[in-house]
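Enquirer: Here it is, the structure, as structure tokens.
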Amino acid sequence: MQVDTLITNIGELLTMDKAGPVKGADMNDLPVDENMAVALKDGKVAWIGKALDADNITAEKVVDAKGRLVTPGLVEAHTHLVFGGSREGEMALKQQGVPYLEILKQGGGILSTVEATRKASEAELLEKALFHLDRMASYGITTVEAKSGYGLNKDTELKQLRVVKEANNRHALDLVSTFLGAHAIPEEHKDDPDAFLDEMADLFDEIKEENLAEFVDIFTETGVFTVEQSRKFLQKAKDKGFDVKIHADEIDPLGGTQLAVEMGAISGDHLAVATDEGIRQLSKSDTIGVILPGTSFYLGKETYARAREMIDTGAAIAISTDFNPGSSVTENLQFIMTLAALKLNMSPAEIWHAVTVNAAHAIGRGETAGHIRKGGNADIVIWDAPNHMYIPYHYGVNHANTVIKNGVVLYERQEIGS
């Protein structure tokens, strides 16, 4: 067999090649193949087998994994990729105990990001987004969900979505776009949020026509949008042919988890304060819980989502960075894997399911991402780690040695002295 690349001498290989999403106890069942090799041709996986059986394979390039761990590229299921400016000045205020509402009054908070995003040109937003995508790729991420939501008016929301579309065209990573116009209530609509939701819903036809988003999302939370407002908005989206997601039960337990299930949402995200009933309904549904422990960590919360109970009850769980400028300022999904172990009490096997196959299904990419299978996309990471347990164990560094997207090396760690 003639191939482009042969990765051989693999210590542990996680193919994650199972029908998903993977639920409950099955998340702790992780097949691990040892002493393996993987052949790549034309951007696809051409062969998987024991390294000793690769003698009949001729490759233009042979990569010696040197006994390292090899996995699919990580899937990032929840980000706010496109935004203007940054908010590092708020950190000191938060440390001083300044309430968020006071920070808003001082011109900070989400509305400062909205102002910066409105002012930024598409070219400026694109350059910034591509920078963050490069960094994500360096951490082993090969597929990324990207939300709008920092425009809060028609022109800027469309601008953000067009930037996501152009970034998908220009960058090697695969992007999945979500319209989150209903992310907050802008100042100009603070007295009439229903009118604002109508304005955002008016964009559905144009978004469809330009193919700017696959999903519609909404922030169901105290002071933002109620369960009933969210239900009405998401139903309009579904009527226009969109699949839906929900920012649910992040701060107050309003029943957003139950609404996600009721609406048949592909995912309910955050779920930090989901109720017992919400968890029960989630476990009996096809909705995936996308847990974002980095947000709880960054905001200094004592409460983390009850992922352990969700899994034990039978739910499918994914984890993500929630990369954004205000509450989770990181592109490092590897660190989130550590938080999943320490704060969510998830096992290494559960964590790997949560950043590959389940994360892929949470953004409608279960057939094309999150696994290594013959004929599938050659999205592969070689890790500077001897086994799959090592990544969440050794935290705060980048373990990615080589990141391959569609058969092409995007990132390769530089050896000291090279």
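Table: residues versus (1) of a type in the set (Asp, Glu); (2) surrounded by 21 or more Cβ atoms within 10 Å (Cβ to Cβ); (3) touching an Asp or Glu at 6+ places or on another chain (Cβ under 9 Å); (4) closer than 24 Å to HIS78 by Cα.
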residue: ALA359; (1), (2), (3), (4): no, yes, yes, yes
residue: ALA362; (1), (2), (3), (4): no, yes, yes, yes
residue: ALA369; (1), (2), (3), (4): no, yes, yes, yes
residue: ILE391; (1), (2), (3), (4): no, yes, no, yes
residue: GLY407; (1), (2), (3), (4): no, no, yes, no
residue: GLN414; (1), (2), (3), (4): no, no, no, no
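Enquirer: Condition first: at pLDDT 95 or above and among the acidic types (Asp, Glu). Now tell me which residues in the range 300-323 satisfy that. Explain how you work it out, then say what you get.
Expert: Taking the range 300-323 and keeping what is at pLDDT 95 or above, we get 304-323.
Hits for the range 300-323 are GLU309, ASP312, ASP322.
Enquirer: Among the listed residues LYS159, LYS190, LYS165, identify the single one that is over 25 Å from ILE319 (Cβ atoms), without any contact (Cβ under 8 Å) to a residue 12 or more places away in the chain and either touching a Ser or Thr at 6+ places or on another chain (Cβ under 9 Å) or basic (Lys, Arg) (or both). Lay out the reasoning, then the answer.
Expert: On the way: LYS159 fails: without any contact (Cβ under 8 Å) to a residue 12 or more places away in the chain; LYS165 fails: without any contact (Cβ under 8 Å) to a residue 12 or more places away in the chain.
Sole residue among the options that is over 25 Å from ILE319 (Cβ atoms), without any contact (Cβ under 8 Å) to a residue 12 or more places away in the chain and either touching a Ser or Thr at 6+ places or on another chain (Cβ under 9 Å) or basic (Lys, Arg) (or both): LYS190.
Enquirer: What residue, among those in the range 301-329 that are in a helix (DSSP H, G or I) and β-branched (Val, Ile, Thr), is surrounded by the fewest Cβ atoms within 10 Å (Cβ to Cβ)? Give the steps one after another, and end with the answer.
Expert: Going through the range 301-329, the residues in a helix (DSSP H, G or I) turn out to be 307-313.
Okay, now just the ones that are also β-branched (Val, Ile, Thr), so 311, 313.
Numbers: ILE311: 28, THR313: 17.
Going through the qualifying residues, I end up with THR313.
Enquirer: Filter the range 224-265 down to the residues that are in contact with a strand residue (DSSP E or B) (Cβ under 6 Å, 6 or more places away or on another chain) and among the acidic types (Asp, Glu), then identify the one that is farthest from MET310 (Cα to Cα).
Expert: It comes out as ASP243.
Enquirer: Of all residues in the range 267-280, count the ones that are part of a loop (DSSP other than H, G, I, E, B) and crowded, with 24+ Cβ neighbours inside 10 Å.
Expert: 2
Enquirer: Restricting the range 86-101 to residues that are under 23 Å from LYS128 (Cβ atoms), surrounded by fewer than 15 Cβ atoms within 10 Å (Cβ to Cβ) and not hydrophobic (A, V, I, L, M, F, W, C), which is farthest from the chain's Cα centre (by Cα)?
Expert: So the residue we want is GLY89.
Enquirer: If a residue counts only when it is of a type outside the set (Gly, Ala, Ser) and in contact with a helix residue (DSSP H, G or I) (Cβ under 6 Å, 6 or more places away or on another chain), which helices (runs of 4 or more DSSP H) contained entirely in the range 187-250 have at least 3 such residues?
Expert: Details: elements: 193-201, 204-209, 227-239.
Passing ranges, in order: 227-239.
Enquirer: So which strands (runs of 3 or more DSSP E) stay within the range 1-81 end to end and still have 1 or more residues that are buried (at least 17 other Cβ atoms within 10 Å of the Cβ), of a type in the set (Val, Ile, Thr) and within 28 Å of the chain's Cα centre (by Cα)?
Expert: Values: elements: 2-13, 33-41, 44-50, 58-64, 69-72, 74-76.
Result: 2-13, 33-41, 44-50, 69-72, 74-76.
Enquirer: A further question follows. Would you please name the residue that is nearest to ASP239 (Cα to Cα), looking only at residues in the range 200-223 that are touching a residue at least 40 places away in the same chain (Cβ under 8 Å) and out of contact with any strand residue (DSSP E or B) (no Cβ under 8 Å at 6 or more places or on another chain)?
Expert: That would be ASP202.
Enquirer: Determine, yes or no, whether MET36 is touching an Asp or Glu at 6+ places or on another chain (Cβ under 9 Å) and either within 20 Å of THR313 (Cα to Cα) or of a type outside the set (Val, Ile, Thr) (or both). Give the steps one after another, and end with the answer.
Expert: Details: touching an Asp or Glu at 6+ places or on another chain (Cβ under 9 Å): yes; either within 20 Å of THR313 (Cα to Cα) or of a type outside the set (Val, Ile, Thr) (or both): yes.
Here the answer is yes, as MET36 does meet what is asked.
Enquirer: For the structure I just gave you, tell me whether GLU145 is buried (at least 18 other Cβ atoms within 10 Å of the Cβ), in contact (Cβ under 8 Å) with a residue 40 or more places away in the chain and acidic (Asp, Glu).
Expert: Working: buried (at least 18 other Cβ atoms within 10 Å of the Cβ): yes; in contact (Cβ under 8 Å) with a residue 40 or more places away in the chain: yes; acidic (Asp, Glu): yes.
It is true that GLU145 is buried (at least 18 other Cβ atoms within 10 Å of the Cβ), in contact (Cβ under 8 Å) with a residue 40 or more places away in the chain and acidic (Asp, Glu).
Enquirer: Now a separate question. Exactly one of these conditions fails for VAL114: (1) of a type in the set (Val, Ile, Thr); (2) buried (at least 22 other Cβ atoms within 10 Å of the Cβ); (3) in a loop (DSSP other than H, G, I, E, B). Give me its number.
Expert: The one condition VAL114 does not meet is (3).
Enquirer: For the range 103-156, enumerate the residues that are basic (Lys, Arg) and farther than 21 Å from ARG365 by Cβ.
Expert: Correct list: LYS105, ARG118, LYS119, LYS128, LYS154.
Enquirer: Looking only at the range 344-353, how many residues end up being crowded, with 19+ Cβ neighbours inside 10 Å and either closer than 18 Å to PHE297 by Cα or at pLDDT below 95 (or both)?
Expert: Summing the residues that are crowded, with 19+ Cβ neighbours inside 10 Å and either closer than 18 Å to PHE297 by Cα or at pLDDT below 95 (or both) in the range 344-353 gives 3.
Enquirer: Which of the residues spanning the range 330-345 are assigned to a loop (DSSP other than H, G, I, E, B) and without any contact (Cβ under 8 Å) to a residue 60 or more places away in the chain? Spell out how you get there, then give the answer.
Expert: Step one: list which residues in the range 330-345 are assigned to a loop (DSSP other than H, G, I, E, B), which gives 330-332, 343-345.
Correct list: THR330, LYS343, LEU344, ASN345.
The values are calculated or read from the model by the stated rules, or taken from the named source; none is laboratory data. Worth saying up front: this structure is predicted, and the values here are computed from it rather than measured. With ideal geometry, Cβ positions are generated from the backbone for all residues, glycine too; neighbour counts draw on all protein chains shown.
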